Amino acid sequence: MGFVVMAFFEEVYNVVKQIPKGKVATYGQIAKILGQPRKAKIVGWALHSNPSEGIIPCHRVVNRHGELSGSFAFGGPEVQRKLLEEEGILFNKDGIINLEEYLWNPTKMLT
């Protein structure tokens, strides 16, 4: 991987580390925070390559609809759901997270 891609991945990891327990962020939200709103898919690639499982809480990142990743990097969507439920996040009957309730608002944390 090139230096630019690796630098972007590190920026993704730094943002994701700030998502508190009991909250989620979306791939697009992280891309916007980094000033790269069209790079949501690359955020996903970064999280799939997470070098620090347990330190970088990539399980707290979901899609824009509040759905889990179909290929959660460390065990599949069942593991991702379990980790989120352990943090107090509830899912509706369709397995979707209410983003109005659980979406992270980083304004105070990133300033």
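The values are calculated or read from the model by the stated rules, or taken from the named source; none is laboratory data. Being a predicted model, the structure only gives us computed values, none of them experimental. All Cβ positions, even for glycine, are placed from backbone atoms using ideal geometry, and neighbour counts span all protein chains on display.
Scanning the range 33-52 for residues that are surrounded by fewer than 15 Cβ atoms within 10 Å (Cβ to Cβ) and over 13 Å from the mean Cα position of the chain (by Cα) returns Gly35, Pro37, Arg38, Pro51, Ser52. The single condition among (1) buried (at least 16 other Cβ atoms within 10 Å of the Cβ); (2) outside any loop (DSSP other than H, G, I, E, B); (3) modelled with pLDDT under 95 that Phe72 does not satisfy is (2).
Just one of (1) in contact (Cβ under 8 Å) with a residue 12 or more places away in the chain; (2) part of a loop (DSSP other than H, G, I, E, B) fails for Asp94. It is (1). Of Gly66, Gly22, all but one fail to be part of a loop (DSSP other than H, G, I, E, B), surrounded by 17 or more Cβ atoms within 10 Å (Cβ to Cβ), at pLDDT 90 or above and small (Gly, Ala, Ser); the exception is Gly66. Any residue in the range 10-19 that is at pLDDT 95 or above and in contact with a Lys or Arg (Cβ under 6 Å, 6 or more places away or on another chain)? Yes, the conditions are met somewhere in the range 10-19.
Evaluating Glu85 against the criteria (1) over 15 Å from Asn105 (Cα atoms); (2) part of a loop (DSSP other than H, G, I, E, B); (3) without any contact (Cβ under 8 Å) to a residue 60 or more places away in the chain leaves one unmet condition, (2). Restricting Lys108, Lys93 to residues that are at pLDDT below 90, more than 15 Å from the chain's Cα centre (by Cα) and basic (Lys, Arg) narrows the list to Lys108.
Here is a yes/no grid of residues against (1) closer than 19 Å to Val43 by Cα; (2) of a type in the set (Lys, Arg); (3) touching a helix residue (DSSP H, G or I) at 6+ places or on another chain (Cβ under 8 Å):
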position: Cys58; (1), (2), (3): yes, no, yes
position: Val61; (1), (2), (3): yes, no, yes
position: Arg64; (1), (2), (3): yes, yes, yes
position: Glu78; (1), (2), (3): no, no, no
position: Leu83; (1), (2), (3): no, no, yes
position: Gly88; (1), (2), (3): no, no, no
position: Gly95; (1), (2), (3): no, no, yes
